Amino acid sequence: MDSDWFKGRLRERKRTQEHLAVAIHRERSVVSKIINGKQPLQIDEVRGFSEVLEVPVIEILYRAGLWNAAPSVVLAPIINSVEAGEFADTTPDEPPSAEHSIVVERACKTVFALKIEGDSMDRVAPENSLIVVNYSVKKAKDGELFVFRRHGEATFKRFRKDESGAWLEPDSTNPRHTRIFPDNGDNIEVIGRVIEIRPEYG
């Protein structure tokens, strides 16, 4: 039982153990024992924890020590936001902390997560979503979602390419966002391919 993560997630979502108790139809004292590792979380209680903490069921299973296929999941550190500003270190040397990472199923170890700011890709990833990026994939293919670095800033876009050239395509309900065409000598670096989107992770 990863007690620190459960307590941290409650703080992040501004929820209490009482909210968990109501969700799983147990006394608050039972929830306290579960979170502090004094009583195991039961399978029929996992869904309630998932709904209150607003994370996938797999995350609850993993953090509670109930995920039997542990080698098939990895922790992806949440390292930065993706809309603007200097891009953070994409290959952290330190292991991800419990409160600042998410569980990713069937993923390689070269992953990190970014929080979406803005609406340039809101058709596929609304603001406050998390995207999981595999930074070992450096070759962009037409139609796939990637994170790029341009002029020292990160951008999340769909890569498009045809006989006329290549460009970065927004997928937005806001018409002010337009295609990005590389200028002559423009150095656009591929950071990695987006392999998962978790809307409204918050």
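A short reminder: the numbers here are calculations on the coordinates, not readings from a lab. Nothing here was measured: the structure is a model prediction, and the numbers come from that model. Here the Cβ positions follow ideal geometry from the backbone for every residue, glycine too, while neighbour counts run over all protein chains shown.
Label sites at GLU153 and VAL190, each approximated as a point 7 angstrom past Cα along Cα to Cβ, lie 2.3 nm apart.
Around the amide H of GLU153, modelled in the peptide plane, lies no amide H under 5 Å away from a residue 5 or more places distant or on another chain.
Based on the Cα coordinates of the stretch 3-68, what is the per residue volume of their convex hull in Å³?
69 Å³
The modelled label-to-label distance for the pair HIS25/TYR135, using points 7 Å beyond Cα in the direction of Cβ, is 4.6 nm.
Between ASP44 and ARG160, what's the calculated FRET efficiency when r is the beta-carbon distance and R0 is 30 Å? Round to 0.05. Plugging the Cβ-Cβ distance into 1/(1 + (r/R0)^6) gives 0.05. Remark: the Cα gyration tensor places the stretch 126-177 in the oblate category, a/c being 1.5 or greater and a/b not exceeding b/c.
Summary value for the stretch 3-68: 31 percent relative contact order, contacts being C-alpha pairs under 8 angstrom separated by 6+ residues.
Of the cross-linked pairs LYS115/LYS138; LYS14/LYS115; LYS14/LYS157; LYS33/LYS115; LYS7/LYS38; LYS138/LYS161, those separated by over 25 Å at the C-alpha level are LYS14/LYS157; LYS33/LYS115. Amide H contacts of ILE102 (H built 1.01 Å from N, in plane; Pro and chain starts excluded): ALA76, ILE78 sit under 5 Å, all sequence-distant by 5 or more or on other chains.
Sorting MET121, MET1 on the 10 Å Cβ count, fewest up front, what's the list? Before the final figure, lay out each step's value.
Values: MET121 26, MET1 17.
Exposure proxy ranking, most exposed first: MET1, MET121.
Here GLU59, GLU51, GLU45 are placed in order of increasing Cβ neighbour count within 10 Å, fewest first, which gives GLU51, GLU45, GLU59. Put simply, when 149-157, 110-118, 12-20 are sorted by average Cβ atoms within 10 angstrom per residue, most first, you get 110-118, 149-157, 12-20.
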